[in-house]
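To keep things clear, I will list the structure first and then write my remarks on it.
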Amino acid sequence: MSFELLQKEIIDAGLCQGCGLCVGYCKHVEMETLRPILKDYCILEREGQKCGKCYENCPQVIQKKFKEMQPKGIYSLRSTDSEILARASSGGFVTTIARHLLKEKELSEIVMVQKVNDLPKASVVTDPDDVIQKAGVVYGRSGVLQKLVEVTGENFEPLGIIGVPCEIRGAAELEEEMKREILKMGLFCNSSIRTEYTDRGLIQSPCSGGCPSGVDARGYIALIRDGHYLEAVDLIRENNPLSSICGRICTHECEHGCSLIGSDTPVAIRELKKFVTEYEIEHGKAVSAKDHKKLGKKVAIIGSGPAGLTAGYFLSLKGYSPTIFEKTDQTGGMLRFGVPQFRLPNYILDYDVETIKNAGVEIEFNKPLGPDMTIEDLKNNGFEAIFIATGQYKPLTLHLEGEDLPNVFVAINFLIDRKYREWTKLEEFKGKTVGIIGGGPVAVDAAQTALRLGAEKIYLVDIMSEKDLELTLREIPEEEYKYMEYHFKTSTSKITKGKGDGLILNSYKIEWGEPNETGRRPLNKVENSDYEIPIDVIVIAVGQTVDFNLIDIATNNKLKKERNKIDINPITFETNIPGVFAGGDIISNSKAVAIAAIAHGKEAAISIDRYLKGQDLITGRFKEDRMFFAGQKKPPKDFSLKPESLEEATENIQWNFDEIDAMFNEDMALAEAKRCLNCNHYCLYCQDFPAIYSDFTAGEVGSEEGFTTVVAWTDRGKDIIENAINKGLFEEGSVNEDELKEAINLKSKRELKILDKTPRQEVLNYIIRLGPSTISKIAEILDLEAKKVRYEALRLVQLNQIEMKVEPGMDEPIFSPICED
């Protein structure tokens, strides 16, 4: 029962929840990046002493099936403290009760998670006011049990702990072991806090929950760790058929919630995706068509960008016959025309498109939606549903004076001309300076393209601050960034002629005002801040919009729009025209990134399937504002470390259009995958939603917005809650007990995934099932070392789980089940 066994069966298997309980039981174990490690040596392995505490007390080793318990009371409460409500989550119950218990000296210390430098940290809190100042944190792996062990060894005053169900269970076992009374304040199982997925009984890791398309990042990283690279790609493709593309250009929001943040850098998930998808391409896995039973129903998809390709793929898998109508002679939409080769090589895009075609998707080229192909035409040709995903190609400008001067370009045309069309001017900008109005991803693409065509300096003018653009700036290789000069919080008033063929960007500094009644912040010019930037070429990169001229003709002007985008139902992606759906950059509030468009296509396929089957389109589905529509509002707390840029790509950037970024080799990929904590994988081995081992539990399920549902499990817990209510600390609301019971049942009634049996469990099961036996016999049948069987059997005797008899004249002792009188 050494640490080696804990390492093999729990930590390496991704079942460690980072609670730190093992650290409390052994001075030779410590936590490092949220995992237990040996500081020096294991007593058992080095000195042969009787131990095994780290293994025996791990909450994951001995599973406990959920047991029905009758609550002592159920409440819906909201704090009456306005300061707490402004800082805390939902109704502020946990913050209010913790502050009250410390203030009234009912507890001297509470072990809880607090927000420290914007990150969750396990803390021992003694000051009631400190509870409020650091409230509103998201609970996850934070080591509260390790802190609890430290406190119980130092202090014999009344103490409490706040934690999620698995942590509370560990606290209950610790309470019994150390003969200490601990007030256990539980939180409903969150698995990264309540989402529509946890409401449905599904468990997600933070990375999977952060992916718009719902890719199981934890799952495919586990497959990479085990060397199953092709299976990892298969798992990615279950939710994202453009997996190779996303290995290059995804915004990797999955990394922003990584549990390693605060202890280490997040796992480089996008780079691992890139590694396995490239592995599949290089090792020649056949991308062949799968036979899917066809339902005889046709679906028309307008546009072969990421949304259209994804919708076609999933509809084909569902048995439909999707046809993509593409207005050009190439697939990929803006991925093909607008994203430069050095970021997304054509062979990557071609590979993913071929995969989709082999799934049964037909693509017809040079077929624009318009007067020659209307919605009615498509319906008359047997298409029973239509998905519009034409993107946005019409460039926006600022309508500045001088935009029509020679050598002034708009970004989308600038990029399309130099990628999609035959381009031979490899020294087009040699020795020239280029000014770019805009500083986002498209502006950077234009800047990098200009550098490869000989530009010696790039000036980028943007109204945003450096902090606002951090996500974009981090993607620029250092060797290229030194050729770029950003002018942050700067606007442009006009473009004028300079010396000779030169141009001048007439710019000025701005300040952002306070938000007005609409929530928008006005731009204010800084007085006397005008200045000129002399340059040779200007690129305007302030975005694109939708050209509705042909679409309006094709839909007979029936499509409802909002801010020059198609207005859709945000859950179903259906337009105001029955049977016509839309997704990607063309819809209102679109996120305008590839992974969001992929998610739109996936969701639209679900809706179209239901529509064609006559089913309700909304039942069981939820609005996904953050995933599908809302852009990243601020940079994450930390960033993953990427491979260094290829030297040859950056040394010769004036002419080299080869891919910039290097790639993980196999050793690097395996090392990176092993850093993954396998978050919430251990939740598959748990059925406890309401933290039944606590004195009381709190959470959102079962209460109206702004209130907290509180369940008392013990008389002590009930007394504390009712005393606080009587003192006026809370106002009461109504509880939806059916909703609460449903949430409990979703987790408690699902099948408990069984851990692989430990050697000790195997020995115990053998003796109980087959009766008295000897070490040699057990070792032979179970195929275990005799030394291992002897140790486990003797430990089972010490634990009073079996008995040992030594008969005169026998070579070996006999181990038997304990017979109750």
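The values are calculated or read from the model by the stated rules, or taken from the named source; none is laboratory data. None of these values were measured; they are calculated from a predicted model. Positions of Cβ are generated from backbone atoms using ideal geometry, with glycine treated the same way; all protein chains shown enter the neighbour counts. Side chains included, ligands, DNA and RNA excluded: accessible areas come from the protein's heavy atoms. Shrake-Rupley method; radii C 1.70, N 1.55, O 1.52, S 1.80 Å.
Brief remarks follow.
- Selection within segment 335-365 - closer than 24 Å to A411 by Cα and part of a loop (DSSP other than H, G, I, E, B): G338, V339, P340, Q341, F342, R343, L344, P345
- So R194, is it modelled with pLDDT under 90 and in a helix (DSSP H, G or I): no
- Qualifying positions in segment 332-383 - more than 19 Å from K602 (Cα to Cα) and among the charged types (D, E, K, R): R336, R343, D350, E364, K367, D372, E376, D377, K379
- Long-range neighbours under 8 Å by Cβ, at least six apart or interchain, first residue charged (D, E, K, R) within segment 715-743, second part of a helix (DSSP H, G or I): K727/H100; E732/I725
- Any hit, segment 497-513, residues being more than 17 Å from G435 (Cβ to Cβ), of a type in the set (K, R) and either without any contact (Cβ under 8 Å) to a residue 40 or more places away in the chain or part of a strand (DSSP E or B) (or both): no
- Exclusive hit being surrounded by fewer than 22 Cβ atoms within 10 Å (Cβ to Cβ), within 20 Å of K718 (Cα to Cα), of a type in the set (A, V, I, L, M) and modelled with pLDDT of 90 or more, set I74, I110: I74
- Residue match in segment 404-412 (condition: in contact with an Asp or Glu (Cβ under 9 Å, 6 or more places away or on another chain) and open to solvent by less than 50 Å² (accessible area, probe 1.4 Å)): yes
- Scan segment 533-558 for residues that are in contact with a Phe, Trp or Tyr (Cβ under 8 Å, 6 or more places away or on another chain) and free of Cβ contacts under 8 Å to residues at least 40 places away in the same chain and the total you get is 0.
- Applying the condition of being touching a strand residue (DSSP E or B) at 6+ places or on another chain (Cβ under 9 Å) and either modelled with pLDDT under 95 or open to solvent by 40 Å² or more (accessible area, probe 1.4 Å) (or both) to segment 343-358 and asking which residue is nearest to P306 (Cα to Cα) yields K357.
- First in segment 352-371 and of a type in the set (D, E, K, R), second anywhere and outside any helix (DSSP H, G or I) and open to solvent by 70 Å² or more (accessible area, probe 1.4 Å), Cβ under 7 Å, 6 or more apart: K367/K327
- For S645, the conditions (1) at pLDDT below 65; (2) of a type outside the set (A, V, I, L, M); (3) under 30 Å from L183 (Cα atoms) all hold with the exception of (3).
- Of the residues making up segment 517-534, at least one is buried (at least 17 other Cβ atoms within 10 Å of the Cβ) and touching a strand residue (DSSP E or B) at 6+ places or on another chain (Cβ under 6 Å).
- Flag set for T424, criterion: of a type in the set (S, T, Y) and either in a strand (DSSP E or B) or open to solvent by 10 Å² or more (accessible area, probe 1.4 Å) (or both).
- Residues (among the acidic types (D, E) and under 18 Å from S703 (Cβ atoms)) located in segment 79-116: D81
- Among the residues of segment 650-693, the ones that are outside any loop (DSSP other than H, G, I, E, B), closer than 28 Å to H256 by Cα and modelled with pLDDT under 65 come to 6 in all.
- Going through (1) in contact (Cβ under 8 Å) with a residue 24 or more places away in the chain; (2) surrounded by fewer than 23 Cβ atoms within 10 Å (Cβ to Cβ) one by one, K8 falls short only on (1).
- Summed over segment 76-126, the residues that are closer than 15 Å to F707 by Cβ and among the β-branched types (V, I, T) give a count of 6.
- Among the numbered conditions (1) open to solvent by 50 Å² or more (accessible area, probe 1.4 Å); (2) modelled with pLDDT of 95 or more, the only one that E562 does not meet is (2).
- Residues in segment 19-29 that are buried (at least 24 other Cβ atoms within 10 Å of the Cβ) and at pLDDT below 80: C19, G20, L21, G24.
- Boolean, T331 is within 30 Å of I476 (Cβ to Cβ) and at pLDDT below 95: no
- If you filter segment 210-261 down to residues that are buried (at least 23 other Cβ atoms within 10 Å of the Cβ) and among the small types (G, A, S), you find that the one that is modelled with the lowest pLDDT is S259.
- Residue in segment 373-392 that is modelled with pLDDT of 95 or more, of a type in the set (D, E), assigned to a helix (DSSP H, G or I) and under 27 Å from the mean Cα position of the chain (by Cα) present: no
- Helices (runs of 4 or more DSSP H) contained in segment 433-489 and holding at least 1 residues open to solvent by less than 20 Å² (accessible area, probe 1.4 Å) and among the small types (G, A, S): 441-452
- Note on segment 317-335: among residues that are within 23 Å of Y347 (Cβ to Cβ) and in contact (Cβ under 8 Å) with a residue 40 or more places away in the chain, the one that is surrounded by the fewest Cβ atoms within 10 Å (Cβ to Cβ) is Q330.
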